[in-house]
C-alpha cells in the first residue's frame, strides 16, 4: 500500500480498513485490502495514488514506466460520442463494443456483473468520470483484460455522490487482481486533475481521444 506503518495501524485501530486483531497486532487479507483501496481511490491524493501504483508494480515485478491502460483499449474500443442517455444505456453500449471486439463470452452475464457492482455503490466519481467494472476480476467470462472508453459531452446521470453529470466512462474488465488494481490506480492518477478531463471530453474522434489518453498515461508513467 506504500503507507507509513503508523498510519496503517491508526486506520486499523479505528476500524477504517478491513483487518482482524491478531495478538498485539493486526492481520490483513490481500483481497479485502484490495477492495478497500478500490473503494477509496477517489478520496486519495495524487501522491498516495502513485504510491499504491508503485506498490502494486513492485509486488508483481512490473515496470512502473510501462503503459498499462492504453494497450488494453482495443482498436474499436472508443465510442466518441457514446450514443446513450441513461446509466443502463451507457453500460449496454460499452459492453456491446467489447462484444463486437470478441472480448466477451456472454454480454448478458457481463452486464449483470457490472450492474451488481453499481448497485453496491456507483462507480461515478466527482469530476465527470465513471469507472464501471465488475466487483471481482473475471478470469473465465472474458477472453482477455480490456478497457472500453466512451464520452457523453452533454452528461448523463450516473449516480455521482455530488449529483454531477458524468461525461467520461471507462469500462474496466480484468482477468486478475493485479491488472485490475493497477489499472484503477493508474486511471485515477491520469484523471485526478480536472483540467485534464476537458481535452478528453472535447475529443471529436476516437483517434483524437486515444492520442490524448496516451499523452496522459505517458506523463503519469514518467512521474
Q. Does the stretch 77-111 hold any residues that are assigned to a loop (DSSP other than H, G, I, E, B), touching a helix residue (DSSP H, G or I) at 6+ places or on another chain (Cβ under 7 Å) and in contact (Cβ under 8 Å) with a residue 60 or more places away in the chain, and which are they?
A. 77, 80, 82, 84
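Considering 45, 106, which residue is in the same structural domain as residue 173 (by TED's automatic domain parsing) and either over 15 Å from the mean Cα position of the chain (by Cα) or modelled with pLDDT of 65 or more (or both)?
When all the criteria are applied, what remains is 106.
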Q) With respect to the numbered conditions (1) touching a helix residue (DSSP H, G or I) at 6+ places or on another chain (Cβ under 9 Å); (2) modelled with pLDDT of 90 or more; (3) closer than 20 Å to residue 127 by Cβ, which one is the sole condition not fulfilled by residue 146? A) (3)
Q. Of 157, 71, which residue is more than 20 Å from residue 207 (Cα to Cα) and out of contact with any strand residue (DSSP E or B) (no Cβ under 7 Å at 6 or more places or on another chain)?
A. 157
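If you check 131, 184, 168, 138, which single one turns out to be at pLDDT below 85 and within 19 Å of residue 77 (Cα to Cα)?
The conditions single out 184.
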Q.
Considering only residues that are over 20 Å from residue 75 (Cα atoms) and either free of Cβ contacts under 8 Å to residues at least 60 places away in the same chain or surrounded by 14 or more Cβ atoms within 10 Å (Cβ to Cβ) (or both), which ones fall in the stretch 203-223?
A. 219, 220, 221
Q) Is one or more of the residues making up the stretch 175-189 surrounded by 24 or more Cβ atoms within 10 Å (Cβ to Cβ), part of a loop (DSSP other than H, G, I, E, B) and assigned by TED's automatic domain parsing to the domain that holds residue 87? A) no
**Q.** Per-region count, the stretch 116-150, residues out of contact with any strand residue (DSSP E or B) (no Cβ under 6 Å at 6 or more places or on another chain) and either outside the structural domain of residue 175 (by TED's automatic domain parsing) or assigned to a strand (DSSP E or B) (or both)
**A.** 1
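The values are calculated or read from the model by the stated rules, or taken from the named source; none is laboratory data. Computed from a prediction, not measured in an experiment: that's the story for all the values here. No Cβ is skipped: glycine too gets one built from the backbone with ideal geometry, and neighbour counts run over all protein chains shown.
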